[in-house]
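Reading through the C-alpha cells given below for one structure.
The values are calculated or read from the model by the stated rules, or taken from the named source; none is laboratory data. All values derive from a computational prediction rather than experimental measurement. A quick note on method: Cβ atoms are made from the backbone with ideal geometry, for glycine too, and the neighbour counts reach across all protein chains shown. Note: areas computed on protein heavy atoms with side chains; ligands, DNA, RNA excluded. Shrake-Rupley method; radii C 1.70, N 1.55, O 1.52, S 1.80 Å.
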Amino acid sequence: VAGDIVELDAYPIWPTRSESGRRARRQAATSDAQRRINERNAQRRLDWLLNENFDGQSLHLTATYGGEAPDVENAQRMLRNYIGRLKREFGREQRAGLIPEGEEFKYLYVTEFAGTEGQPKRIHHHIVVNLRDRDACEDLWKSGRCNADRLKPDESGLIALAKYLSKAPAGRRRCAHSRNLRSPRQYVGDKVLSRRRAALVIDDVAANAA
C-alpha cells in the first residue's frame, strides 16, 4: 500500500523435487534476465516511494547546467547546495501558510550522467520535492536552467514518473532521497488461491492493462 495505490502480487508455487524424488537443481537466472529483474524491482521501489510521499501538489524539477557541465562530484555538490536552498524555501512557504504545519521537507533525486551503453551524456538532475511555488524553485537553481512541473498522478498514481526517472537502464545514475520518506506498507499472506480465483485475478489485471 503506497499512498492511494494498492498492489497485489500472487506467486505460483512449483514442485521442488524431480520425478525421481530428489530435489531439483536450482536454475540460476541468466545475467540478462537478472538485470531485467533488478531494473523492474528498482523501478517498483521508486514508484512506491513516490506514491507514498508525494502528491499532486508536489513538484518535479529538472535542473540542467549552462556552459561547460561540471564533473559528477562537483555536480553532486551543487545539487546538495540547491537542496539546502529548497529546504529554506520550504520553511518560507510553511510560514506563509502554503504548506500545512507539521509537514516535513521531503525530496528524492536522480542524477543522470551517462546514457545507454555508458555513452557520455550531459549531466542533469531530476528532483521531486513537496514544495508549491514553482517560480521560486526555478529561481533558486543558480547553475543553469531549471524547469518545475506539478506532479500529475493518474489512476496508477505516479508510476509514469517512476518509469521516466528509471529510464535508460544501461545508463548511469545516482539516486538518493531524504531520510524521512515513509516506506510503503507491505503485508504477506500465505493463502492459496484456487485455480478459479487465480483466473479471476489474471482477468482483472488484463482488463486494467487494456
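Before moving on, here are some points about what is shown:
- Candidates are the residues of segment 54-76 that are in a loop (DSSP other than H, G, I, E, B) and of a type in the set (A, V, I, L, M, F, W, C); the one that is modelled with the highest pLDDT is 54.
- Matching option when the condition is part of a helix (DSSP H, G or I) and in contact (Cβ under 8 Å) with a residue 40 or more places away in the chain, among 38, 51: 51
- The numbered conditions (1) part of a helix (DSSP H, G or I); (2) at pLDDT below 75 are all true for residue 27 except (1).
- Segments classed as helices (runs of 4 or more DSSP H), wholly inside segment 120-210, with at least 2 members that are at pLDDT below 80 and either open to solvent by 100 Å² or more (accessible area, probe 1.4 Å) or not hydrophobic (A, V, I, L, M, F, W, C) (or both): 195-209
- Residue within segment 78-87 that is part of a loop (DSSP other than H, G, I, E, B) and surrounded by 13 or more Cβ atoms within 10 Å (Cβ to Cβ) present: no
- Residues of segment 108-116 include none that is at pLDDT 75 or above and more than 19 Å from residue 46 (Cβ to Cβ).
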